[in-house]
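Please read the structure below before turning to the comments.
Each reported figure results from applying straightforward, stated rules to the coordinates on display, with no laboratory input. Quick caveat, the model's predicted, so the values are computed rather than measured. Note that we place each Cβ from the backbone using ideal geometry, even for glycine, and neighbour counts take in every protein chain shown.
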Amino acid sequence: MDHTHHSISATELLSVLGTGRAPRLIDVCVPEDSAAAPWRLPGARHVPHRSVLNWARSQDSDAPVVIICQKGLKLSHGAAAQLRSMGFDARALTGGNHAWRTDGRPHLALDTAPDPGTSWVLPATHDARACITAWLILRWYDPDAALLWVTPKYVIDVAMRFDGNALPNPMPLGQAFVALGLICPDLVDFITAVDTGAFCGAALLAMLPNLHERDEDLARAALPFLDTAWLVHRQSAGQEAT
């Protein structure tokens, strides 16, 4: 964070992205900017800049927020200042979306990524695959997502009836999330390693289902474990992680 505590750099944000330490991400880009660059930071929710105060009234002011606009100028700094006036720890992303994408950082393609706020219908397999699926959704798509665990053969029908998201099937898990707009080759490598059991914590992750009977409880328990595994993966790939 800079000395004014009004902004955060792309490097600093990247170091906590995909973990429980990540702030809430609010994208305030105007429609023409989103049309010109149809993607968003992972986990970001779009809120028009004139609606930020209304959004804030239903949020926990203890949770830090990062505001993102196209270039990190007036919209993000103005919206962040409004939130700080309400007691939030709110900062603007330095350089905005433009600075974020110049170095090929992770992002979601808007034409294929599901909209935040819609539920995800998932097969209740109660295994490591269920853990990594829940982690990906909650850390990289929508931190407030409702996860609906159902008998595997009913996933598609339930998703259709309840207007939910379902993973493309059948295909490897990494490819499934790429099809849902995820653009981050290093994360796809991590997904594949977890999905195939080829990562250092595979034995520990495989034991978690023995401690939790419900898929809902298993998914929550797996989140901090996979946060840690992701940071280890990033370090081993030569990326900074704190």
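A few points about this structure:
- When the Cα positions of Leu223, Leu108, Trp135 are compared along the charge dipole of the chain, Leu108 comes out farthest toward the positive end, with charges on each C-beta of Lys, Arg, Asp and Glu.
- Largest to smallest principal axis extent of the C-alpha atoms in region 7-106, angstrom: 33, 30, 18
- Translational diffusion coefficient (Stokes-Einstein; Kirkwood radius from C-alpha pairs) of region 159-242 at 4 °C, 1.567 mPa s, in µm²/s: 90
- From phi via Karplus (6.51, -1.76, 1.60), per-residue ³J(HN,Hα) for region 168-182 in Hz, x at Gly/Pro: x, 9, x, 6, x, 4, x, 5, 4, 6, 4, 5, 9, x, 6
- Straightening the chain between Cys200 and Ala221 buys 5.8 nm, computed as 0.36 nm per residue apart minus the Cα-Cα spacing.
- Compared with the dominant principal axis of the Cα atoms in the chain, helix 185-196 is inclined by about 20°.
- Crossing angle, helix 74-85 versus the chain [Cα axis fit, 0-90 degrees, rounded to tens]: 80
- Order by protection proxy (mean Cβ within 10 Å, highest first), peptides 92-98, 115-121, 131-137: 131-137, 92-98, 115-121
- Distance between region 1-66 and region 161-214 - C-alpha centres, whole angstrom: 25
- Förster radius 30 Å - calculated FRET efficiency between Asn210 and Ala109, Cβ distance, rounded to 0.05: 0.20
- Placing +1 on the Cβ of every Lys and Arg and -1 on the Cβ of every Asp and Glu, with no other charges, gives the chain a dipole of roughly 440 debye about its Cα centre.
- CD proxy at 222 nm, helix term only [per DSSP H run n ≥ 4: -39500 (n - 2.57); per residue of the chain; nearest 500]: -11500 deg cm²/dmol
- Formal net charge of residues neighbouring Asp127 (Cβ-Cβ distance under 12 Å; K, R +1; D, E -1): -1
- Among beta bridges identified by DSSP and lying wholly in the chain, the antiparallel ones come to about 20 percent.
- Charge-dipole axis of the chain as Lys and Arg at +1 and Asp and Glu at -1 on Cβ define it, positive-most pick from Ala193, Ala179, Asn97: Asn97
- Footprinting exposure proxy ranking of Glu216, Glu12, Glu32, fewest other C-beta atoms within 10 angstrom first, gives Glu32, Glu216, Glu12.
- Long-range HN-HN contacts of Leu122 with modeled amide H, under 5 Å: Leu148, Trp149, Val150
- Here the Kirkwood formula puts the hydrodynamic radius of the chain at 18.6 Å, using every distinct Cα pair.
- Neighbour-count ranking [beta-carbon atoms within 10 angstrom, fewest first] of Arg139, Arg220: Arg220, Arg139
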